[in-house]
Amino acid sequence: MNKKAFIFDLDGVIVDTAKYHYLAWKNLANDLGFEFTEKQNEQLKGVSRVKSLEILLKIGSIELSENKKQELLAEKNKEYLEYVNTMTSNEILPGINQLLNYLEEKNIKFALGSASKNAPLILEKVGLFDKFTAIVDGNDVSKAKPDPEVFLIAAKKLNKNSNNCIVIEDALAGIQAANIAGMISVAIGDKKILHEADFVLNNTNELTIDFVKKLIK
Ligand code: BG6
Ligand code: MG
């Protein structure tokens, strides 16, 4: 058994659900009467559903009652789930299957560390639910990323010390959470946004076996 273990974020790392989150939030913003750009959407990546709505309403300068907010959260998730329900294994991001198979083969454990309450459903849809040693998601945590709670729980379930955990993330909040936890952080995406990570890759194609070999040495 290798000393190191991996913790994967879900949205934007394992599957490209970030586009569905964006579409659902954008439609909600439009219904409320304002535009919501992809650039603004960066602020929502990795943060919880409730926090995402708060940020969205701030962008639109809108204040709403608690009841109305609950209604909008349910509405957003309903639309998001319509997209999720069409998902198949085709939506697993490039390089991920190969990487998970390699880790399995080498007996390197891996867990999920996601803010999403829909994580178990999404993993089922794409056929990866049974692969993970542990699944820690939005249903298990009380503090959202950049708080390290989700990754610390995952490390515990993997039975690994933080410094032996390698976190793969596409969100700034997630990279910050990994760094606070004292883990090795690998970012997928724009270097300008994610420069706080120990390593930044342009996309999941760059999660090659050679790169992983270097990480686990
Ligand atoms: C994160 C996404 O993984 O999960 C966020 O990056 C999202 O955009 C969060 O808001 C919560 O997801 P869900 O599925 O519980 O609404
Ligand atoms: Mg993500």
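Just a few scattered comments:
- Restricting attention to segment 37-50 and to residues that are within 18 Å of residue 193 (Cβ to Cβ) and touching a residue at least 24 places away in the same chain (Cβ under 8 Å), the residue that is surrounded by the fewest Cβ atoms within 10 Å (Cβ to Cβ) turns out to be 42.
- The residues on offer are 184, 193, and the sole one that is aliphatic (A, V, I, L, M), touching a residue at least 12 places away in the same chain (Cβ under 8 Å) and surrounded by fewer than 19 Cβ atoms within 10 Å (Cβ to Cβ) is 193.
- Of all residues in segment 150-180, those being surrounded by fewer than 24 Cβ atoms within 10 Å (Cβ to Cβ) and of a type in the set (A, V, I, L, M, F, W, C) number 7.
- Complete set of residues in segment 65-114 that are over 22 Å from residue 185 (Cβ atoms), hydrophobic (A, V, I, L, M, F, W, C) and assigned to a helix (DSSP H, G or I): 72, 73, 74, 81, 84
- Contact map, segment 52-70: first residue in contact (Cβ under 8 Å) with a residue 12 or more places away in the chain and not assigned by TED's automatic domain parsing to the domain that holds residue 173, second residue hydrophobic (A, V, I, L, M, F, W, C) and open to solvent by 70 Å² or more (accessible area, probe 1.4 Å), Cβ cut-off under 9 Å, separation 6 or more or different chains; pairs are 69/50.
- Selection count, segment 1-12, where residues are aliphatic (A, V, I, L, M), modelled with pLDDT of 95 or more and part of a loop (DSSP other than H, G, I, E, B): 1
- Condition met for residue 139 (over 13 Å from the mean Cα position of the chain (by Cα) and either away from ligand 1 (no atom under 14 Å from the Cβ) or open to solvent by less than 40 Å² (accessible area, probe 1.4 Å) (or both)): no
- Among the residues making up segment 1-47, those that are closer than 21 Å to residue 178 by Cα and more than 21 Å from the chain's Cα centre (by Cα) are 2, 3.
- Residues within segment 13-30 that are modelled with pLDDT of 95 or more, near ligand 1 (Cβ under 9 Å from one of its atoms) and open to solvent by 10 Å² or more (accessible area, probe 1.4 Å), tallied: 2
- Filtering segment 76-90 for residues that are on the phi < 0 side of the Ramachandran plot, within 16 Å of ligand 2 (Cβ to nearest atom) and not aromatic (Phe, Trp, Tyr) leaves a non-empty set.
- Taken together, 127, 60 contain a single residue that is open to solvent by less than 80 Å² (accessible area, probe 1.4 Å) and over 30 Å from residue 164 (Cβ atoms), which is 60.
- Whichever residue in segment 31-55 is within 14 Å of ligand 2 (Cβ to nearest atom) and of a type in the set (S, T, N, Q) and, among such residues, is modelled with the highest pLDDT: 52
The values are calculated or read from the model by the stated rules, or taken from the named source; none is laboratory data. Note that the structure is predicted; figures quoted are calculated from it, not measured. Positions of Cβ are generated from backbone atoms using ideal geometry, with glycine treated the same way; all protein chains shown enter the neighbour counts. To get the accessible areas, we keep the full protein, side chains included, count just its heavy atoms, and leave off ligands, DNA and RNA. Shrake-Rupley method; radii C 1.70, N 1.55, O 1.52, S 1.80 Å.
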